[in-house]
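The structure under discussion appears below in the form of structure tokens.
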Amino acid sequence: MNRFLILLIFIMPTIVFGQVRENSFQQVVNEATLPDQNPGKVIEKVQENDTTVSNPDYDAIMATRLGADDYGMKGFILVILKTGPNQTTDKTFINNCFRGHFDNMDRMVREGKLIVAGPIGKNNNSYRGIFVLNLTSVEEADRLLQTDPAVKEGLLEAELYNWYGSAALPEYLKYAEKIWKNKPN
């Protein structure tokens, strides 16, 4: 029997969804003795160690409601807001656009579409803030952002990215509403 076939017999049980588990492969390489290296010795099958852990607190109903995969994760859209091309100095225009920006964020939260928002400190990239949107389509996110007056008027510009994070992220919102003392006008 050739060496390739023998190694294949040992490696095949360690293949999971097209990926070789590195620790199992190394175990096979370290422990397997090929027949021509030690004639007459029987090769023992290597015991596979399952590294997955079951969660005793798993809540299938919550996981389904939140759209979680088997790892408790799901897709979102990460938005990085940057200073836009509109460099107006009209204070009334700017204030009205940003008042609309905050009102729009409140609306998106009520609709369950905006789950994280906040400013970014001064930086050399003109980054102003982030959103995490409870959406999976960049196109849908782009349409939603056009309802924001600061984005629509070019005071802010949005970069959109697919992001994979904890499906439980939206759950923090029910607590966030209980801890702010003063709301920006």
Quiz item: Hey, among PHE131, PHE102, which residue is closer than 14 Å to TRP163 by Cβ and of a type in the set (Phe, Trp, Tyr)?
Solution: PHE131
Quiz item: Got a sec? Which helices (runs of 4 or more DSSP H) wholly within region 138-185 have at least 2 residues that are in contact (Cβ under 8 Å) with a residue 24 or more places away in the chain?
Solution: 138-145, 149-152
Quiz item: Mind checking which pairs have a first residue in region 106-134 that is in the same structural domain as LEU78 (by TED's automatic domain parsing) and a second that is surrounded by 15 or more Cβ atoms within 10 Å (Cβ to Cβ) and among the polar types (S, T, N, Q), Cβ under 7 Å, 6 or more apart or different chains?
Solution: GLY112/ASN134; LYS113/ASN134; ILE115/ASN134
Practice problem: Taking ASN182 as meeting all but one of (1) under 16 Å from the mean Cα position of the chain (by Cα); (2) outside the structural domain of MET73 (by TED's automatic domain parsing), write down the number of the exception. | Solution: (1)
Quiz item: Which of the residues spanning region 75-100 are over 11 Å from PHE131 (Cβ atoms) and surrounded by 14 or more Cβ atoms within 10 Å (Cβ to Cβ)?
Solution: GLY75, LYS82, THR83, GLY84, ASN86, PHE93, ILE94, ASN96, CYS97, PHE98, ARG99, GLY100
Self-check item: Residues located in region 119-152, provided they are touching a strand residue (DSSP E or B) at 6+ places or on another chain (Cβ under 6 Å) and of a type in the set (Gly, Ala, Ser)
Solution: SER126, GLY129, ALA141, ALA150
Self-check item: Yes/no for GLY112 being surrounded by fewer than 16 Cβ atoms within 10 Å (Cβ to Cβ) and either of a type in the set (A, V, I, L, M) or not in a strand (DSSP E or B) (or both)
Solution: yes
Quiz item: Out of region 111-129, which residues are within 22 Å of the chain's Cα centre (by Cα) and not aliphatic (A, V, I, L, M)?
Solution: GLU111, GLY112, LYS113, GLY118, PRO119, TYR127, ARG128, GLY129
Quiz item: Of (1) over 32 Å from the mean Cα position of the chain (by Cα); (2) assigned to a helix (DSSP H, G or I); (3) at pLDDT 50 or above, ILE6 satisfies all except one. Which?
Solution: (3)
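The values are calculated or read from the model by the stated rules, or taken from the named source; none is laboratory data. Worth saying up front: this structure is predicted, and the values here are computed from it rather than measured. For neighbour counting, all protein chains shown are included, and Cβ atoms are generated from backbone atoms with ideal geometry for every residue, glycine included.
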